[in-house]
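Each remark here refers to the structure printed beneath this line.
The values are calculated or read from the model by the stated rules, or taken from the named source; none is laboratory data. If you're wondering where the values come from, they're calculated on a predicted model, not measured in any experiment. Note that we place each Cβ from the backbone using ideal geometry, even for glycine, and neighbour counts take in every protein chain shown.
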Amino acid sequence: MSRFIIEGGSKMEGEINVQGSKNAVLPILAAAILSDGKNVIYNCPRLRDVDMTIEVLKNLGCRIDFERDCLEVDASGISGYTIPDELMRQMRSSIIFLGAIITRFGKAEISMPGGCEIGNRPIDLHLSALRQLGVGITESHGFIHCVREKSTPADIHLNFPSVGATENIMLAACMTDGITTINNAAREPEIIDLERFLNRMGARIRGAGSDRITIEGVHKLYNAAHTIIPDRIVSATYLACALASGGTVVLKGADSSHMGAMLSVLKNMGAEIYEDKQKIVAVSPRRLKSIGTIKTMPYPGFPTDIQSPFMALATQCEGSSVFVENIFENRFRHIEELVRMGADIKADGRVAVVIGKSALTGARVAAPDLRGGAALIVAALAADGTTEIENITYIDRGYEALEERLSSCGIDIKRRE
């Protein structure tokens, strides 16, 4: 099993090219099966989750060509409408194929999805919306069987602005007769990116980025080329790494317009943040100030995905910081590992209090999930001595060549088998 060996004490100094967004590329790859030919995706990151998605596409009958950051998906030979249980169990985002497969074949069969164990993530919103779109759904023995009984547009209201449910509705409704609306839709930049790709294919969707999306069904979609937006969570993670090490980093290709809540927190901590078109520069202050209270919220609020890395950074701030996790009830699993490194953190339910200026020391720790693993990377850069991080397959799910990027900025990090 792979692990990272990180020697703390070095300042992070240099430039990093930000990868394409994991959370944007996965639904776009699902959408690629909706045309009867070859779609080309640029700025596609090489991640474990992308690899798993490619396996799903191959299982459905797609031909794949992946060179550098260019991924071609040829769906002209697609024939399958099922996803094997072993693929569904490996990542939660596999549920996004449900709407796309139903649109392509009028039916789908999948098992309940897996992924990081960060808490309850029910798919009730997905299934309820699909039923409103005329899909008959039965569940038995851990499998979901779907058949589109009629093509019915709908006026759908989401009780929670779920990103996955919003994307699944867009995929399921884009070729439905009539007009479908999504009320209380998720507003994340990744939703906008999916809208852009689908519209390039010939779909008629508007409103992405707002809480109301309108989808006018079309009869056919065509091949398209698309460039994935930069990953805002990865960008914020590298900023946290730089500040934890007391250094400076230039993020090339980053989009600060997607990162308002995160950059605001870093500025309040005293960091000097310079924003330019497709570039962010972060300079560490002489001392980091307390974050205060952070509450995770749907976009444009503070994202749950960056809560863990920022909590690790908060251990180096003066004073106390409070984190309130409103999205996932089990997203504090990294705390035990940070405490092992010397952090002073107390958690009660969905609230964690971090007492700052902890003298972290290197230790042997294990990534509990994707973003919890990123938190351990941040902590290791601030720690005295050597940190060994196990279970880094979680980290590989969302961070492309992390050790290469950090090494290029002067960090002593190595991957060991």
If I ask for residues that are touching a Leu at 6+ places or on another chain (Cβ under 7 Å) and of a type in the set (A, V, I, L, M), which ones from segment 142-170 would you list? 154, 158, 165, 170
Cβ contacts < 6 Å: first residue hydrophobic (A, V, I, L, M, F, W, C), restricted to segment 387-412; second residue modelled with pLDDT under 95 and part of a loop (DSSP other than H, G, I, E, B), any location; separation 6+ or different chain. Result? 392/2
Test: residue in segment 47-55 that is under 23 Å from residue 176 (Cβ atoms) and at pLDDT below 95: no
Just name the residue that is modelled with the lowest pLDDT out of those in segment 344-362 that are outside any strand (DSSP E or B) and over 22 Å from residue 295 (Cβ atoms). 358
Here are the criteria: (1) within 23 Å of residue 317 (Cα to Cα); (2) over 18 Å from the mean Cα position of the chain (by Cα). Tell me which single one residue 408 does not satisfy. (1)
Could you check residue 123 against (1) surrounded by 16 or more Cβ atoms within 10 Å (Cβ to Cβ); (2) more than 21 Å from the chain's Cα centre (by Cα); (3) among the β-branched types (Val, Ile, Thr) and say which number it fails? (2)
For residues that are surrounded by fewer than 18 Cβ atoms within 10 Å (Cβ to Cβ) and not in a loop (DSSP other than H, G, I, E, B), scanning just segment 304-340, find the one that is nearest to the chain's Cα centre (by Cα). 324
For residues that are under 27 Å from residue 216 (Cα atoms) and assigned to a strand (DSSP E or B), scanning just segment 111-143, find the one that is modelled with the lowest pLDDT. 137
Any residue at all in segment 372-384 that is closer than 21 Å to residue 405 by Cα, in contact with a Phe, Trp or Tyr (Cβ under 6 Å, 6 or more places away or on another chain) and not β-branched (Val, Ile, Thr)? yes
Is it the case that some residue within segment 293-300 is part of a helix (DSSP H, G or I), within 18 Å of residue 188 (Cα to Cα), in contact with a Ser or Thr (Cβ under 7 Å, 6 or more places away or on another chain) and hydroxyl-bearing (Ser, Thr, Tyr)? no
